[in-house]
Amino acid sequence: MAKDRMTLLELLRKSGSDSELDFLKAGVKMLAEAVMELEVKQKTGAEKHERSNGRLTYRNGYRGRIWDTRAGTIPLAIPRLRDGSYFPSLLEPRRRAEHALLAVIQEAYVLGISTRKVESLVQSLGLNGISKSEVSRICGALDDEVERWRHRPLLWRYPYLWLDATYVKVRDSGRVVSQAVIIAYGVRETGEREIVGLEVGPSEDGVFWKEFLRGLVSRGLSGVMLVISDAHLGLKEAISTVLTGVSWQRCRVHFMRNALARVPRGAQAMVSAAIRTIFAQPDRDSACIQLRQVADNLRLRFGTVADQLEEAEPDILAYTAFPREHWRQLYSTNPLERLNKEIKRRSNVVGIFPNSKAVIRLIGAVLMEQQDEWEIGRRYFSVDSMKKTLEGAQEEPLIMALQP
């Protein structure tokens, strides 16, 4: 053992490095880059710059990422692919959320408030003897990381912004209550998606939404041209108050549900098919004409639905003022709904959260993972199509109102 240790020290001295740690970091970095090159070679089916008939896809530059290791913080250049995505196996993209989930389960178990489902999972993980101090240490480290991410500056313009809420069960003063988890994600001016906000509160009333949106603005949210959400009254009021000058797109899926709730079950398929023809039109003028025709046809039997359509026309067709390449993603909150499903998949394992901090810890970690995957994936919208969106925007970012 002593001989091996002396050999390592001699190697470090021969390296000419002033610091043994710097030499170790350089070695870890070199090894990590070699691993990534091997993995990307398998993904592409060819060496870098190699001409090959068996090539599966092409490289598309690099993206930077900081990697915290025991040897210190190491900057990595992660290869990007033209088609598909790549994430280095050595970074374990799912590790953070699983760590957060484990911490939440541990905390619930130690506090003696876990459900039967969680208790069974805890026992299967062999966590019965874990101490409160260990739980606090794990949770504290995760909380710090999530809080830094939640309050980071927003450095881009975000022409499109989606807002939505989901609900989880939380213990509060001995009671089990539902709390709202509100999430915002936008598309940068360069076409990539970014989760820009996460907050937890007792309900999604207007005051809560206003505070949330003001928090986004204070962190640098700017350039918003279109907000996509449901027609929650508190949310609508908050958007008009805080994000002045933006267009609002009412989610067509939520609108359809509201309209069909006023239609007998036997006629719902017919009414739904008629309303969908509005959104199949090639331009705004055609969509407006089709909406009025559908309303006229429905008025005799379903007058309330016809009135709803005419009243909602500017809100459900707001997306038509933007490039046609973006329409499918802009006329509903479905992109955010898919994200909510992933959140529910993780939170359902917990059942009842011990407190609001645990909610932010787990859901924040899940969203951070999703952001990692978006960063290495394909752009949501192309750069050229985003240029069309920005052509009508002001030179300066839209002014956001901070006053009540």
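Report the residue count in the stretch 173-199 for those that are outside any loop (DSSP other than H, G, I, E, B) and in contact with a Lys or Arg (Cβ under 9 Å, 6 or more places away or on another chain).
Qualifying residue count for the region: 13.
Does R55 meet the test of being exposed (fewer than 14 other Cβ atoms within 10 Å of the Cβ) and at pLDDT 80 or above?
Answer is yes for this residue.
Being in contact with a Phe, Trp or Tyr (Cβ under 6 Å, 6 or more places away or on another chain) and modelled with pLDDT under 90 narrows it down to one of I399, I376, so name that one.
Residue meeting the stated conditions: I376.
Is it the case, given these coordinates, that R214 is part of a helix (DSSP H, G or I), open to solvent by 50 Å² or more (accessible area, probe 1.4 Å) and closer than 21 Å to Y319 by Cβ?
Judged against the criteria, R214 is not a match.
Please determine, by comparing only the residues of the stretch 58-84 that are polar (S, T, N, Q) and surrounded by 11 or more Cβ atoms within 10 Å (Cβ to Cβ), which one is nearest to the chain's Cα centre (by Cα).
N60
Kindly establish whether A273 is loosely packed, with under 15 Cβ neighbours inside 10 Å, hydrophobic (A, V, I, L, M, F, W, C) and under 18 Å from T304 (Cα atoms).
Answer is yes for this residue.
Only one residue in S286, S222 is touching a residue at least 40 places away in the same chain (Cβ under 8 Å) and of a type in the set (S, T, N, Q), so which one is that?
Every option except S222 fails the conditions.
From D283, D315, D372, grab the single residue that is of a type outside the set (F, W, Y) and within 28 Å of G84 (Cβ to Cβ).
One residue alone meets the criteria, D372.
Would you tally the residues in the stretch 328-337 being part of a helix (DSSP H, G or I) and surrounded by 13 or more Cβ atoms within 10 Å (Cβ to Cβ)?
6
Quick one: Q293 ticks every box in (1) at pLDDT 95 or above; (2) among the polar types (S, T, N, Q); (3) within 30 Å of G191 (Cβ to Cβ) bar one, so which box is it?
(3)
Take the residues in the stretch 189-207 that are over 23 Å from S332 (Cβ atoms) and crowded, with 17+ Cβ neighbours inside 10 Å, then tell me which one is modelled with the highest pLDDT.
Filtering the stretch 189-207 for residues that are over 23 Å from S332 (Cβ atoms) and crowded, with 17+ Cβ neighbours inside 10 Å, the one modelled with the highest pLDDT comes out as V200.
Looking only at the stretch 293-309, filter to residues that are without any contact (Cβ under 8 Å) to a residue 24 or more places away in the chain and not acidic (D, E); which one of those is most open to solvent (accessible area, probe 1.4 Å)? Give the steps one after another, and end with the answer.
So in the stretch 293-309, the residues without any contact (Cβ under 8 Å) to a residue 24 or more places away in the chain come out as 293-297, 299-300, 303, 306-307.
Those left that are additionally not acidic (D, E): 293-295, 297, 299-300, 303, 306.
Details: Q293: 94, V294: 7, A295: 0, N297: 125, R299: 86, L300: 165, G303: 26, A306: 0 Å².
Top of the filtered list is L300.
Working only within the stretch 31-86, note down all residues that are among the basic types (K, R) and part of a helix (DSSP H, G or I). Steps first, answer last, please.
To start, the set of residues in the stretch 31-86 that are among the basic types (K, R) comprises 41, 43, 48, 51, 55, 59, 63, 65, 70, 80, 82.
Those that are among the basic types (K, R) and part of a helix (DSSP H, G or I): K41, K43.
Look at G126 and say whether it is modelled with pLDDT of 90 or more, surrounded by fewer than 20 Cβ atoms within 10 Å (Cβ to Cβ) and at positive phi. Before the answer, list the steps.
Numbers: modelled with pLDDT of 90 or more: no; surrounded by fewer than 20 Cβ atoms within 10 Å (Cβ to Cβ): yes; at positive phi: yes.
When the stated conditions are applied, G126 does not pass them.
Looking at (1) surrounded by fewer than 17 Cβ atoms within 10 Å (Cβ to Cβ); (2) under 24 Å from the mean Cα position of the chain (by Cα); (3) among the basic types (K, R), which is the one condition that is false for K236?
Condition not satisfied by K236: (1).
What are the pairs with Cβ atoms under 7 angstrom where one residue, in the stretch 143-162, is within 15 Å of K357 (Cβ to Cβ) and the other, located anywhere, is at pLDDT below 95 and open to solvent by 50 Å² or more (accessible area, probe 1.4 Å)? Sequence gap at least six, or different chains.
Short answer, once both residue conditions are applied: D143/K357.
Counting just the residues of the stretch 343-363 that are at pLDDT below 85 and over 12 Å from K169 (Cβ atoms), which one comes out surrounded by the fewest Cβ atoms within 10 Å (Cβ to Cβ)?
For the stretch 343-363, the residue satisfying everything is R345.
The values are calculated or read from the model by the stated rules, or taken from the named source; none is laboratory data. Quick caveat, the model's predicted, so the values are computed rather than measured. All Cβ positions, glycine included, derive from the backbone under ideal geometry; neighbour counts span all protein chains shown. To get the accessible areas, we keep the full protein, side chains included, count just its heavy atoms, and leave off ligands, DNA and RNA. Shrake-Rupley method; radii C 1.70, N 1.55, O 1.52, S 1.80 Å.
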